[in-house]
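Shown next, in structure tokens, is the structure this report addresses.
The values are calculated or read from the model by the stated rules, or taken from the named source; none is laboratory data. Here the structure is a predicted model, which means the values were calculated and not measured. Cβ placement follows ideal geometry from the backbone for every residue including glycine, while neighbour counts extend to all protein chains displayed. With ligands, DNA and RNA removed, areas are computed over all heavy atoms of the protein, side chains included. Shrake-Rupley method; radii C 1.70, N 1.55, O 1.52, S 1.80 Å.
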Amino acid sequence: MPQASYIYANARVGVAQTRLLTPERVERMTEAKDASEALKVLQEAGYGGNREVKSAFDFQQLIDDELKKAYDFIYEITPDKDLTDLFLVPFDFHNVKVLVKGRLLSEEDDDTLLYPVGTVPYDRLKAGVRDRDYRSLPGHLAELLEALDQMLAGRVDPQALDTFVDRAMYRYIIGVLDSPDFGKHLKNAPFVSEYYRAQCDLANVITFLRAKKAGLS
């Protein structure tokens, strides 16, 4: 259960910091004689919990497990789940990009490209995109996918798809931040609104530079 205390959360984070990868461990990994030896260093640091990895080259499984464990930990200590969820929203939109592109290319789902965290379990998102049935998804994602279906009826390049999804993501996030009901969540964390507006500015600059480089309007 989330704890209604930033002091409690800060204390838990302080303890967790003692289990981070240290410079010494990273150096051991870079100096390892092979992948198996480097993997052992990750496992010593607790990566992946008790998961058994058959091959050292399956290290991505450990990293995914560690990412999910980190977000489970955040949910356990967060004083404000709704505010925390905003930082998971980009993972949902990334997964939409991956799944829609995979469907366009008629490729089998590659779960290694999907984030195992987000506000929507990616198995549910994957099933919705595959079946073109968005009824089980949140309204903003269902609307996005329906708009993408119409957009993709014509020929669309991957960059245009990325920009379309990114615009929808920032429009949704800023809409949440500006909604009257969400104001109470920002009282203790006004920086969140500033953070995402800065993210929008940065995305616009990057998009403009890419368009200019490509000779687009």
Select from region 112-143 the residues that are hydrophobic (A, V, I, L, M, F, W, C), modelled with pLDDT of 95 or more and open to solvent by 90 Å² or more (accessible area, probe 1.4 Å) and list them in ascending order.
none
Of the conditions (1) outside any helix (DSSP H, G or I); (2) in contact with a His (Cβ under 8 Å, 6 or more places away or on another chain), P79 fails just one. Which one is it?
(2)
Considering each residue of region 169-185, count those that are in contact with a helix residue (DSSP H, G or I) (Cβ under 7 Å, 6 or more places away or on another chain) and without any contact (Cβ under 8 Å) to a residue 24 or more places away in the chain, and give that number.
0
For E52, only one of the following conditions fails: (1) over 24 Å from the mean Cα position of the chain (by Cα); (2) surrounded by fewer than 18 Cβ atoms within 10 Å (Cβ to Cβ); (3) in a helix (DSSP H, G or I). What is its number?
(3)
Conditions first: (1) within 20 Å of the chain's Cα centre (by Cα); (2) part of a loop (DSSP other than H, G, I, E, B); (3) among the aliphatic types (A, V, I, L, M). I63 passes all but one, so which condition is the exception?
(2)
Being under 30 Å from G128 (Cα atoms), charged (D, E, K, R) and open to solvent by less than 80 Å² (accessible area, probe 1.4 Å) is true for just one of D80, D34. Which residue is that?
D80
When A168 is run through (1) in a helix (DSSP H, G or I); (2) buried (at least 18 other Cβ atoms within 10 Å of the Cβ); (3) at pLDDT below 90, the failure sits at (3)
Need the failing condition index for K69 against (1) touching a residue at least 24 places away in the same chain (Cβ under 8 Å); (2) under 17 Å from the mean Cα position of the chain (by Cα), just the number.
(1)
Restricting attention to region 67-97, which residues are in contact with a Phe, Trp or Tyr (Cβ under 9 Å, 6 or more places away or on another chain), among the β-branched types (V, I, T) and within 12 Å of Y115 (Cβ to Cβ)?
V89
Does A203 meet the test of being free of Cβ contacts under 8 Å to residues at least 40 places away in the same chain and not in a helix (DSSP H, G or I)?
no
Residue selected from region 113-137 under the condition outside any helix (DSSP H, G or I) and more than 15 Å from the chain's Cα centre (by Cα), by the criterion nearest to M169 (Cα to Cα)
L137
Is it fair to say R51 is in contact with a Gly (Cβ under 7 Å, 6 or more places away or on another chain) and at pLDDT below 90?
no
If we keep only residues of region 1-15 that are of a type in the set (A, V, I, L, M, F, W, C) and either surrounded by fewer than 11 Cβ atoms within 10 Å (Cβ to Cβ) or in contact with a Phe, Trp or Tyr (Cβ under 7 Å, 6 or more places away or on another chain) (or both), then the residue modelled with the highest pLDDT is V15
Hey, could you check region 83-111 for residues that are in contact with a Gly (Cβ under 8 Å, 6 or more places away or on another chain) and either under 15 Å from D149 (Cα atoms) or acidic (D, E) (or both) and say which is most open to solvent (accessible area, probe 1.4 Å)?
E108
Among the residues of region 119-175, which ones are basic (K, R) and over 17 Å from V89 (Cβ atoms)?
K126, R130, R132, R135, R155
Considering only region 187-202, how many residues are open to solvent by 30 Å² or more (accessible area, probe 1.4 Å), in contact with a helix residue (DSSP H, G or I) (Cβ under 9 Å, 6 or more places away or on another chain) and of a type outside the set (S, T, N, Q)?
1
